[in-house]
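Here is the structure we will look at, set down as structure tokens.
FYI, it's all coordinate maths here, none of it is from the lab. None of these values were measured; they are calculated from a predicted model. Backbone-built Cβ (ideal geometry, glycine too); neighbour counts: all protein chains shown.
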Amino acid sequence: MAEKRNGRQTVKIMNPVSIVSSASIVGPKEGQGPLRMYFDEIIEDELWGEKSWEKAESKLLRETFAKILNKGKKTPDEISYIIAGDLLNQCISAHFGLRESGIPVFGIYGACSTMTESMSLGAMLVDGGFADNVVCITSSHFCSAEKQFRFPLELGSQRPPTAQWTVTGAGGVMLSNQGTGPYIRYVTTGKIVDMGIKDANNMGGAMAPAAVDTIMTHFEDTGLQPEYYDLILTGDLGAVGSRICEELLADQGYDIKERFNDCGLMIYDRKKQDAHAGGSGCGCSATVFASYVYSEIQKGNLNNVLFIATGALLSTTSAQQGESIPCIAHAVSISRDFD
Amino acid sequence: MQNIMTKKEYQEYVNKISPNSKILRNTVRAFVVGGLICVVGQFFTNAFKARGLDETSVAGLTAMVMIFLGALLTGLNIYDEIGRFAGAGSIIPITGFANSIVAPAMEFKSEGYVTGVGAKMFVISGPVLVYGITVSVIAGILHYLLRF
């Protein structure tokens, strides 16, 4: 087995790969949520001066990218790669947002798991000596996602209580071989898991098994126990998926209750904000990690964090053809100290 | 994952723990709002009748007014709020039909008047038109044949 491999699905990052900066820009609804103090910028309206939702989402990603560079005190020339993706067809938010960057780009698609997918690949590139600085970034936009995946915004329809609300926002981090942490220590890459759920209004229920699979595999591969982590953070399982994830892991002997949370549950006040089962979208895990979680790690309130973004890999075509929803979850283990 | 539980077991488990829609609350809201929309329609029907219009003209004019109101409220970003509250109560009346045409027209304006508005306008109401017109043609043929 290659020396950095640590079990079937896990890679141990041998050299120090630091998360040197992070940034997030969110929409008005997210800006009224419980994490509003932690975001770098809150836009006042969802179009943000642009002519379409898609252009607005590109702008979110572009401006967030600029903030990551500024906060990391790097010039574009110093960035080896950008790894970016989003939810829209052909990843137009990421690609159009970065078309003037002049930096090599890897465009990826992992649906809402994009944030940890890009961090996984970025960490491996830096660890392998292929890059000095890598920016991992993603975005989602409620309006562009509704337009592509559901119905026009002005259509008067009701959502079931299991439905989730796509986060308007972009978030990202800069990884570097220079820096003083927090460090990415392990990367556990998810398998595609499909337990036969077909209801696109119950993404949490569809994605939870993928999260369970990746979390269990992470513990098996690394030999770590849940107690090692101060926070086990899933991306956007929402109320239904979080409960399933917690219950299934408990059944398998992994009690994570005390240290478990979900970005989809953190970003909105579900009692006041009409978000039903919680937030979702690439931007959900990206903005929560890049704001609140990153700052808590830096302050020392969190030492070890397992961050698992989850993605539902459906398309509108597959849903119309009656296919079940294949899902994926990628885990990144982050620690304040490199020992 | 499938060594923990089978797909079937998992689906049953998800169905069990997923919260259901509040059917009683939604039904009451749909009844009240749907009823109110009908009252508005009836008001116009009575008003047109009082002006001495015949039955066919009254029906046509009332439908036109209700469609206009549905479209107007959609354009003012109000109909989706009504829909979120009332559900079927505001989807079933003819105002809901207007909403289902105007909403995509607004949404896809960014793709231009031909490939956007024109092509996408009937993306939701299209099936209603296709099958509604088909059934009415079949009913018409049957009606014609049964006369003999």
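Tabulated data for the structure shown
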| quantity | calculated |
| --- | --- |
| A:Arg150/A:Asp339 FRET efficiency (R0 35 Å; Cβ-Cβ; nearest 0.05) | 0.15 |
| Ranked packing of A:241-251, A:258-268, A:302-312, B:41-51, most packed first, by mean Cβ within 10 Å | A:302-312, A:258-268, A:241-251, B:41-51 |
| Dipole moment magnitude, nearest 20 debye, the protein assembly as shown about Cα centre, only Lys, Arg, Asp, Glu C-beta charged | 1040 debye |
| Principal axis box of the range B:52-148, alpha-carbon based, largest edge first, Å | 53, 37, 25 |
| DSSP-defined beta bridges in the range A:10-176 - what % are antiparallel, rounded to 5 | 60 percent |
| Using θ = phi - 60° and Karplus 6.51 cos²θ - 1.76 cosθ + 1.60, couplings along the range B:12-24 (whole Hz; Gly, Pro as x) | 5, 4, 5, 4, 5, 8, 6, x, 8, 5, 7, 5, 4 |
| Projected label distance in nm at A:Asn70 and B:Glu9, using a 7 Å step from Cα toward the beta-carbon | 5.4 nm |
| Projected label distance in nm at A:Phe130 and A:Asn201, using a 7 Å step from Cα toward the beta-carbon | 4.3 nm |
| The range B:92-99 - phi-based ³J(HN,Hα) in whole Hz, Karplus 6.51/-1.76/1.60, Gly and Pro as x | 5, x, 5, 4, x, 5, 4, 4 |
| Calculated FRET efficiency for the pair A:Ser318/B:Ala63, C-beta based, R₀ 51 Å, to 0.05 | 0.85 |
| Long-range amide H partners of A:Gly85 with built H, under 5 Å | A:Ile108, A:Ile137, A:Ser139 |
| Note, ³J(HN,Hα) from phi for the range A:112-124, Karplus 6.51, -1.76, 1.60, rounded to Hz, x at Gly and Pro | 6, 8, 3, 4, 6, 4, 5, 5, 4, 5, x, 4, 5 |
| Cross-link table A:Lys74/A:Lys299; A:Lys12/A:Lys74; A:Lys198/A:Lys271; A:Lys12/A:Lys147; A:Lys257/B:Lys7; A:Lys4/A:Lys59, entries beyond 30 Å C-alpha to C-alpha | A:Lys12/A:Lys147; A:Lys4/A:Lys59 |
| Two-decimal log10 I(q)/I(0) for the protein assembly as shown, as the Debye equation yields it once each C-alpha is a single scatterer, q = 0.10, 0.12 Å⁻¹ | -0.77, -1.04 |
| Span from the the range B:117-140 Cα centroid across to the the range B:33-102 one, whole angstrom | 19 Å |
| Relative contact order of the range A:183-335, defined on C-alpha pairs under 8 angstrom at six or more residues apart (%) | 38 percent |
| Among A:Tyr186, B:His143, A:Ser101 the positive-end extreme of the charge dipole of the protein assembly as shown (Cβ point charges) | B:His143 |
| Which of A:Thr316, A:Gly241, A:Ala329, positive extreme of dipole for the range A:220-339 (C-beta unit charges) | A:Thr316 |
